[in-house]
1. What size of dipole, in debye to the nearest 20, comes out for the stretch 165-259 about its Cα centre when the only charges are +1 on Lys and Arg C-beta atoms and -1 on Asp and Glu C-beta atoms?
2. Considering only 209, 184, 109, whose Cα is most displaced toward the positive end of the charge dipole of the chain, charges sitting on Cβ of Lys, Arg (+1) and Asp, Glu (-1)?
3. For residue 290 and residue 83 in the same chain, what is the full-extension length gain: residue separation times 0.36 nm, less their Cα-Cα distance, in nm?
4. Apply the Karplus curve 6.51 cos²θ - 1.76 cosθ + 1.60, θ = phi - 60°, to the phi angles in the stretch 16-24 and return the couplings in whole Hz, x for Gly and Pro.
5. Loop by DSSP (not H, G, I, E, B), at most 13 other beta-carbon atoms within 10 Å: where is the longest site-free stretch of the chain for chymotrypsin sites (Phe, Trp or Tyr not before Pro)?
6. Filter the trypsin sites (Lys or Arg not before Pro) in the stretch 185-254 to those in DSSP coil with at most 11 other Cβ atoms within 10 Å of their Cβ, and list the result.
7. For residue 94 and residue 170, calculate 0.36 nm times their separation in residues minus their Cα-Cα distance, and state this gained length in nm to one decimal.
8. Tell me the mean residue ellipticity at 222 nm calculated for the chain from its helices only (DSSP H runs of n ≥ 4, each -39500 (n - 2.57), averaged over every residue, nearest 500).
Amino acid sequence: MSDRRQLPGVRSPHILTLVIATATGPLAMNIFLPSLPGIARHFSADYALVQLLVSLYLGATAVLQLFIGPASDRFGRRPVMLTCFSVFLVGTVAALFAPTIEILLACRVLQAFSAAGMVLSRAIVRDTVRTEETVSKIAYIVMGMSLVPMIAPAIGGLLDEWYGWQSTFVLTLGFGLVSISVVYFDLNETNKTLSPSFTAQFRAYPELLRSRRFWAYALTAAFATGSFFAFLGGGPYVATEILKLSPSEYGFYFMLISVGYMSGNFLSGRYGARVGLGPMMLAGNIVTFLGMIVSLALFGLGFVHPLSLFGPAAMVGLGNGITLPSANAGIVSVRPRLAGSASGLGGSMQIGGGAALAVVAGALLSPDSGAMPLLWVMALSAVAAICATLYGMWVDRVAGPLGGA
């Protein structure tokens, strides 16, 4: 499905290519989550150290996005994506044979190069379709991609129980080979205005950071995903140590979150263009906040059950699915000629904030704490996202249409 309303002179890749490329990173992020307690036992390591497999991956992703976006503006989307996916494959193979937890952590840094799929897919969409169509196309890409994190934890949990945690990396390797193949054969170069130098793109960052609207979109995305990434950091511990779920049970309950996320992306793709960026972001953030209020109430009243955690967390997925396509479309549309740099910088802020919240959530949890610290971190992140969105809507009122301040 190529977009019939693409910009003249630029061929859009098949939407399935962008879905697969975008899904590579989320697969690497989610498929091994049910195995975290097992990996801790395998390496005789504390859970706080093993949890760095999540937060270090997110942190590396945040740093890499600062370079991936500008590199694609300078050298092109296609060569940068192929190079990053090659590094990802090397890291995945090395992870299969990691003798220590420290080596496995290093391999996760290499796997973070899969971030190119998400960063560059957003830039490619901005290269190939008009601004008003960007939200819908990003939403449909992410909706298709969300099938992967929806089923990945369930599959990962089963693989862990049947064959051990290394089997999840085998599946990740196979998916990575498919990704690099479809990118190689289908993705042509969509960036027709390469910047004259790599450093020139870094000099674009101050221009972006001076934009109040960029800050509004980027902080909305960062705090919205912060609720989800906090769950990634602390959810496996709550599920296995407090709720006593097996890896496969965790994976199947996690599907509720992904169904919510897919539903939110469908709603965003259907209504985003006509409703507008600000109202869509606000609606999604309110849904996320209400979900956390429900979960806090259920645990506070003594209903310690998996659905008290995963049911409201599905509302977090729904809220993220509604919010993020609009936030990401806004990030790359503030300065269209800097779409790659904007995608990289915005993505770095988004993932970096998520990594920090994942660390905080994991550090606050203990057998005596229960789930409440995790839920409070997620709820406060949702409140911050609402505030960032309201600030962006205020900028819209005082500065006029997108493209201003």
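All of the numbers you see were taken from the coordinates with simple rules; none came from a lab. Remember, it's a predicted structure, so these values are computed and weren't measured experimentally. Glycine also receives a Cβ, built like all others from the backbone with ideal geometry; neighbour counts cover every protein chain displayed.
1. On the way: 6 positive and 5 negative charges, 97 e Å.
So the magnitude is around 460 debye.
2. Positive-most Cα among the choices belongs to 209.
3. Details: separation 207, 0.36 × 207 = 74.52 nm, distance 4.15 nm.
Roughly 70.4 nm would be gained on extension.
4. Residue by residue, the stretch 16-24 yields 5, 4, 5, 4, 5, 4, 5, 6, 4 Hz.
5. Details: sites that count: 97, 303.
Longest run free of exposed loop sites: 98-302.
6. Details: sites: 192, 203, 210, 212, 213, 244; in loops: 192, 203, 210, 244.
Loop-located and lightly packed - 192, 210, 244.
7. On the way: separation 76, 0.36 × 76 = 27.36 nm, distance 1.08 nm.
Net length gain for the segment: 26.3 nm.
8. On the way: 18 runs with 321 residues, N = 405.
Per the formula, -27000 deg cm²/dmol.
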